[in-house]
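Notes follow the structure.
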Amino acid sequence: MIIFLKKYKSKIALMVFICVLVCTVSCLLDFKTLEKQKMPGLEKKSVFMAAENTVAKNTDKAVNEPRLHAVSAALYDADNETFIYGKNMRDSMANASTTKILTCIVALEKADINDTVTISQNAASQPEVKLGLVAGNSYNMKDLLYGMMLESFNDCAYAIAEHVGGSTEGFAKLMNEKANEIGCLGTYFITPNGLDAENDISFHHSTAGDLCVIMSYCAWKSPKSTQFLEITQTMQYTFETKEGQMVFSNHNRLLTETDYCISGKTGFTTKAGYCYVAAVEKDGRRICLSLLGCGWPNNKNYKWADAKSLVEYAVSDVAEDSYCDAACVTAQQTGDTQTTDKQAAGKETPAVKKEDRKTINLKYIENNKKNKKICKNFLKNFTINIGNFF
């Protein structure tokens, strides 16, 4: 018996090893199949899944990601219509006065900048921050636009909306139609000034991704982009009223603190927190950034630090790698699937513009790598142990 065992010991060990190896590989294949069953249609999912939190957490790139205060943020390449970076970028959130960039561009496209606007009681009664428009008095559309975009006056926004849309409801319809037209299906606006509101359809909201696309349209793609930039780049504007001379100052600090910002709009409500959206031209690239929920009092300066961090990231080598790896998103794919906006109903998500880039689920890839590592260690230890056993 002892002689028999000695003779066949090596063959038995080899057979046992092969059996265990086959079983292990089979288990791994079953596990991969199970993972795919848990995530049906992985290859068909919106590329938002890859663009959001762009850099995989298990790579060295994560070390170089911008460290942001904002709850939600996005970086958008306006030339390629793709996202470079996203943080909760498709979440529906209150967006405060960043709404006014769409108010401004719709007004410029639908009305004459030299129109005379008669102020209603509804517009005059808007809360602070406001110019103090007097019901029944008339003002020039151009002056109201500067008041809205430089000082963020709420009464100016309502006066503009009522003049262009016939009512605030009529103007909201124009705004939402424009948002849908340029592919922003995660946006639903109720007020022209961005103050929090809710109706039987949804609440006033947008997404960080959508705001980037809207800003890109306003700054470069609208037939009225030149007028929009002229207004938003003006540092000080003066005009005469019956009440005396009025002076507006631009509150977009990035215009004076950097040489690359060409437009932007701040915002704040108690619900939205501090918000910011901007258009940037740097190193030959046209980029938009947006920040939502970027601190609450007393942290109003967080948005400036976050904005600069995003721009630095946008032109870095790390961002270029992430831009290629993350199956970046086109403008037509910025719809928020969670929104209750009825206007998004029946809309199909268009095909990915960059056809050679595939949707990637970063969590799935990370788990798969971990499983492969565990399997490798298991086989290594098993080989050692079975050798010692025999």
Conditions: (1) at positive phi; (2) open to solvent by 30 Å² or more (accessible area, probe 1.4 Å). Gln227 meets all but one. Number of the miss? (1)
Conditions (1) within 30 Å of Phe239 (Cβ to Cβ); (2) touching a Leu at 6+ places or on another chain (Cβ under 7 Å); (3) surrounded by 20 or more Cβ atoms within 10 Å (Cβ to Cβ) -> Ala208 fails only (1)
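Condition (residue is touching a residue at least 12 places away in the same chain (Cβ under 8 Å), part of a helix (DSSP H, G or I) and under 19 Å from the mean Cα position of the chain (by Cα)) applied to the stretch 78-89: is it met by at least one residue?
no
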Residue check, Ser216 open to solvent by less than 30 Å² (accessible area, probe 1.4 Å), among the small types (Gly, Ala, Ser) and in contact with a Cys (Cβ under 7 Å, 6 or more places away or on another chain): yes
Quick check on this structure: which one of Val318, Val277 is of a type in the set (A, V, I, L, M) and at pLDDT 95 or above? Val277
Report whether or not Lys271 is within 29 Å of Ala197 (Cβ to Cβ), among the charged types (D, E, K, R) and open to solvent by 20 Å² or more (accessible area, probe 1.4 Å). yes
Is at least one residue of the stretch 247-264 among the acidic types (Asp, Glu), over 15 Å from Ala305 (Cα atoms), under 24 Å from the mean Cα position of the chain (by Cα) and not in a strand (DSSP E or B)? yes
So which residues in the stretch 160-169 are part of a helix (DSSP H, G or I) and open to solvent by 10 Å² or more (accessible area, probe 1.4 Å), if there are any at all? Glu162, His163, Val164, Gly165, Thr168, Glu169
Scan the stretch 92-107 and give yes if some residue there is open to solvent by 50 Å² or more (accessible area, probe 1.4 Å) and at pLDDT 95 or above, otherwise no. no
Residue identified as free of Cβ contacts under 8 Å to residues at least 24 places away in the same chain, within 22 Å of Ile190 (Cβ to Cβ) and either open to solvent by less than 20 Å² (accessible area, probe 1.4 Å) or not in a helix (DSSP H, G or I) (or both) among Ala135, Ala123, Ala172, Ala157: Ala172
So is Ala197 of a type outside the set (D, E, K, R), in contact with a Phe, Trp or Tyr (Cβ under 6 Å, 6 or more places away or on another chain), more than 27 Å from Ile287 (Cβ to Cβ) and at pLDDT 95 or above or not? no
State whether one or more residues within the stretch 177-191 are open to solvent by 60 Å² or more (accessible area, probe 1.4 Å) and in a loop (DSSP other than H, G, I, E, B). no
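The values are calculated or read from the model by the stated rules, or taken from the named source; none is laboratory data. The model shown is predicted, which means the values in this text are computed figures rather than measured ones. Note: ideal-geometry Cβ built from the backbone for every residue, glycine included; neighbour counts use all protein chains shown. For the accessible areas, the whole protein counts, side chains as well, though only heavy atoms, and no ligand, DNA or RNA atoms are used. Shrake-Rupley method; radii C 1.70, N 1.55, O 1.52, S 1.80 Å.
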